[in-house]
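The values are calculated or read from the model by the stated rules, or taken from the named source; none is laboratory data. Keep in mind it's a predicted model, so treat the numbers as computed, not measured. Methodologically, a virtual Cβ is constructed for each residue, glycine included, from the backbone with ideal geometry; neighbour enumeration extends over all protein chains shown. Only protein heavy atoms, including side chains, enter the accessible area calculation; ligands, DNA and RNA are left aside. Shrake-Rupley method; radii C 1.70, N 1.55, O 1.52, S 1.80 Å.
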Amino acid sequence: MKKYIGKPIEYVALIVGNLIYALGFNLFLAPNNIAAGGFGGLGLVVNHFVPQISVGTVVLILSIPVFIWSFVVQGVKYTLSALLSTIAFSLFTDLFTFLPNVTENKLMAAACGGITYGLAAAVLVRGRVSGSGSDLLGRLLVTKFRVLSLGTFVIIVDVVVIALSVVAFKDLEGAIYAGACIALCGYVTDAMINGFNRAYTFEVITKEDPKVIADKIWEKIDRGVTLIPVKGMYKNEDRNMLMVVVSRRQVYDMKDIIREYAPDAFVTLFATNEIMGEGFNGVDVTVPIKKLEEEERKKL
């Protein structure tokens, strides 16, 4: 039983993430009839037709089959966090219905709602706890189909809810705002998950002694270096290529090293969205939580 109990930081992420969700829903989206996807948006549609059923209740009912899938893919611990997350979102959503409408400008409401939803999703993912509704469903889908990002999967799932909102509220303009909100949410989610881990990769092709350059890189910026033998096809000459991944603040230090110790080198530099490994803390959302936890237990 003890292995199913999460760390305190996970419960903090669960509460904070769902609190942000509920605040964004009640302050910006619900008062303006913007069903910005998710089971919360679907709950808003159902509540429009059946006012006696609260949004939180709809979310709980719709989440049951997703819980079953989560149990199979992610394991007991993650599914328990999904259940707690759904309960927290439902309670917070129903609890904060008294909050005022911050703005009647639907464009502003959609933008603020998208930002808050994206922040909430990122808090939950980085805390390794599940969200409710389409966030949980998107997290499950991304472990099965890795060609798309988490934010993109959430957008795909939410399109159906937007279509239903057009029928419910008879407001095509509101659906457009909902779509903009969801797109912004997906962008913020991906940026929060990958953006803070952004790094830059140098590929340095040189005739100089690679050991000298590598030693200076280790000494001055403390980054690992990979040596790759290459051949220039124009002159058919052997060269050495050094591949180095650095943080944003180390880019200019790396350029200084190249100028001083390999001034004739051919250099390519490109941004790298996500890095995992020693020296970088990555979040790979395509790997099931159950598998990550098993790998961590083997290291202990």
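Accessible surface ranking for Arg249, Arg128, Arg223, Arg239, 1.4 angstrom probe, highest first: Arg249, Arg128, Arg239, Arg223.
Subtracting the Cα-Cα distance of Val167 and Ile61 from 0.36 nm times their residue separation leaves 36.0 nm of extension gain. In the assembled protein chains, Thr116 presents an accessible area of approximately 30 Å² (probe radius 1.4 Å).
Residue order by solvent-accessible surface for Asp264, Asp215 is Asp264, Asp215, largest first, with ligands and nucleic acids left out and a 1.4 Å probe.
Rolling a 1.4 Å probe over the protein chains gives Ile205 an accessible area of about 50 Å².
Spin-label model, Ile156/Trp69: points 7 Å from Cα along the beta carbon direction are separated by 1.1 nm.
In this simple spin-label model, placing a label point 7 Å from the Cα along the Cα-to-Cβ direction at both Asn101 and Thr226 gives a separation of 5.5 nm. Modelled label positions at Leu91 and His48, each set 7 Å beyond Cα in the direction of Cβ, lie 3.0 nm from each other. The dipole here belongs to the stretch 179-261: it is taken about the Cα centre, uses +1 on the Cβ of Lys and Arg and -1 on the Cβ of Asp and Glu, and is about 140 debye.
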